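The values are calculated or read from the model by the stated rules, or taken from the named source; none is laboratory data. Fair warning: this is a prediction, and the values are worked out from it, not measured in the lab. Here the Cβ positions follow ideal geometry from the backbone for every residue, glycine too, while neighbour counts run over all protein chains shown. When the accessible area is computed, the model is the full protein with side chains, heavy atoms only, and any ligands, DNA or RNA have been set aside. Shrake-Rupley method; radii C 1.70, N 1.55, O 1.52, S 1.80 Å.
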Amino acid sequence: MSSDAQGAAATTGAFRVGLLGHGTVGGAFSDLLEERADEIERFNGRRPVITGVLTRSRGDFEEILAGSDLLVELIGGIEPAREYLLTAMRAGKDVVSANKQLLSQYGEELFETAREHGVRLRFEAAVAGAVPVVRLLEESLAATPIDSVHGIVNGTTNFILSEMAHGSSYAQALAEAQRRGFAEADPSDDVSGRDAAAKMAIIARLAFGTPVHLEDVRYEGIEHLQLDDLEYARELGLGLKLIGTAERRSGGLSVRVHPTFLYAGHPLASVSGPFNAVTVESGMITEITMSGPGAGGPGTASAVLGDVVSVMTGGARPPAPPLPLQLVEDVESAFYLHLDVADQPGVLAAVTQVLGEHEVSIKSVVQRGMGERARLVMVTHPVLESSLRLAIEQVGAFPFVRAAPRAIRVIEEEFL
C-alpha cells in the first residue's frame, strides 16, 4: 500500500487489515469483508479495509505490517507463517490465523508471545470452520470447569462416513467427496485423522488450559473401516463418526481421535454430510452442542471475519498461561468387536472366557451363521483399552478365528 493510501485510511478512521495469503480462503475473506464492511462500520464505528496483500508473487511483508492494525494469516503451513505471526505480535499487532497445523505444533510459543506483548491472537477458523467453538470456550465458558469435549471436526471424513452409511464403499464415498470438492486430491491428512488431531490439540488447550501438541494426540483414521461394520452397528442402534475427544480422566487429560460409534441419543449422532459439530460437557451446564459447515472458503472466511470483528470491538484477551495436567493414554471406553470365526461348537464360549479373564464385559451380541463361517459382533461395557487389546490378541490367536478381530470405540452417553 502506498503512503498516500495509508494516510487516507488513517484519516477516515478505517481499521487496516493486512492479508497474508490469497488462495481459496483468502479470496473468500476479501470478498466477504468488502461485502460486510458497511454493516461492520455501522455498529462498530470503523470500517475494515484490506490495505495490503502478500502472496508468492506480490506484496512486501514489512510494508504490509507497517501499514496495518491487524494481520490475517491465511498462508498455511509452518514457515514462513510462524515467523510472520511472531514478528507481527512482537511489533504490537493483533493477529488472526486459520492455521491449525501451526497452532497445534507451535501454539505455546505463539500464545506466550501474545501474552508478552499484550496482543490478541484469534484462530476460530483453525478449529471447526464456521462453528464458533473457540469463542465459546474462551469467552462464554471461560469460568466453567469443562469435563469433556467431543467433536466432529473434519467435514471430509464425516461426508465419507455419511455416504458409507447409505451403502457406498469407502472408495466410492471418497471419490464422491473429491468430485464435490469436500476432499483434496491427496486426502491423507483428513482420512488418517491427522487433521482432526491438530484441531483437537487446539481445543484441548482452550478447554483445559494444558499445553497439548499434535504429537501428543493419539489418532486413527477411517481407511480401514468396512461396510459390514456399519451394517451390524445399525442392528445394535449405533452410527459411526470420526470423533475427536478431549476429557478429564484419572486426574489428567486424555486427547484422542478415533472412529467411534454413537447411540442415536447422542447430539453428534445426527450430524451428517460435510458438517462439523462440537459438544462441550460440564456438570454446570450438562452439554452444549454447536454444528455448522466445516471446510470450504465461505465458511472459513466467515470465521476469520468474525475474529477480525472481535478484535475491532475489543473482545478476547491474550491466551491464559498454561496449567499442568498430565496427559493420560490408557482410558476406559466401550467397544464394538467384530470377529469372523469358524462355525463350530464352543467358539462363543471360548471367546467370552478370554474376554472375561481380561475383565471385558459384554453388553450385546449379534451372531450370524455364514455356511462354514460365523460372525460375532459384540458391544462391550467400558473397559481399559490396554485390557481390551490384550484380550483381542489372545482371541486372535485361536485357530478358529478366520480374520484379524476389529475393534471400534463406542460412546455410551446419550442426551435425550
Exactly one of ALA128, ALA81 is in contact with a helix residue (DSSP H, G or I) (Cβ under 6 Å, 6 or more places away or on another chain) and surrounded by 17 or more Cβ atoms within 10 Å (Cβ to Cβ), and that residue is ALA81
Counting only strands (runs of 3 or more DSSP E) entirely within region 207-299, those with at least 3 residues that are under 30 Å from SER30 (Cα atoms) are 275-282, 286-293
Of (1) in contact with a Phe, Trp or Tyr (Cβ under 7 Å, 6 or more places away or on another chain); (2) in a helix (DSSP H, G or I); (3) under 19 Å from VAL309 (Cβ atoms), TYR84 satisfies every one except (3)
Determine whether PHE261 is open to solvent by 20 Å² or more (accessible area, probe 1.4 Å), within 28 Å of TYR170 (Cβ to Cβ) and either among the aromatic types (Phe, Trp, Tyr) or in contact with a helix residue (DSSP H, G or I) (Cβ under 7 Å, 6 or more places away or on another chain) (or both).
no
Discussion item. When you scan region 310-317, do you find a residue that is touching a helix residue (DSSP H, G or I) at 6+ places or on another chain (Cβ under 8 Å), under 30 Å from GLY18 (Cβ atoms), in contact (Cβ under 8 Å) with a residue 12 or more places away in the chain and assigned to a helix (DSSP H, G or I), even just one?
Written reply: yes
Checklist entry - Among the residues of region 121-138, is any charged (D, E, K, R) and in contact with a His (Cβ under 8 Å, 6 or more places away or on another chain)? => result no
Filter region 106-164 for residues that are free of Cβ contacts under 8 Å to residues at least 40 places away in the same chain and assigned to a loop (DSSP other than H, G, I, E, B); the one that is nearest to MET290 (Cα to Cα) is ALA142
Filter result for VAL365 (free of Cβ contacts under 8 Å to residues at least 40 places away in the same chain, part of a strand (DSSP E or B) and either of a type in the set (A, V, I, L, M, F, W, C) or touching a Leu at 6+ places or on another chain (Cβ under 8 Å) (or both)):
yes
Of the residues in region 355-388, those that are over 17 Å from ALA334 (Cα atoms) and surrounded by 15 or more Cβ atoms within 10 Å (Cβ to Cβ) come to ARG373, ALA374, ARG375
How many residues of region 166-195 are surrounded by fewer than 12 Cβ atoms within 10 Å (Cβ to Cβ), over 27 Å from ARG256 (Cβ atoms) and of a type in the set (Gly, Ala, Ser)? The answer is 2
Checked region 143-166 for anything within 13 Å of ILE285 (Cα to Cα) and among the small types (Gly, Ala, Ser); matches are ALA143, SER148
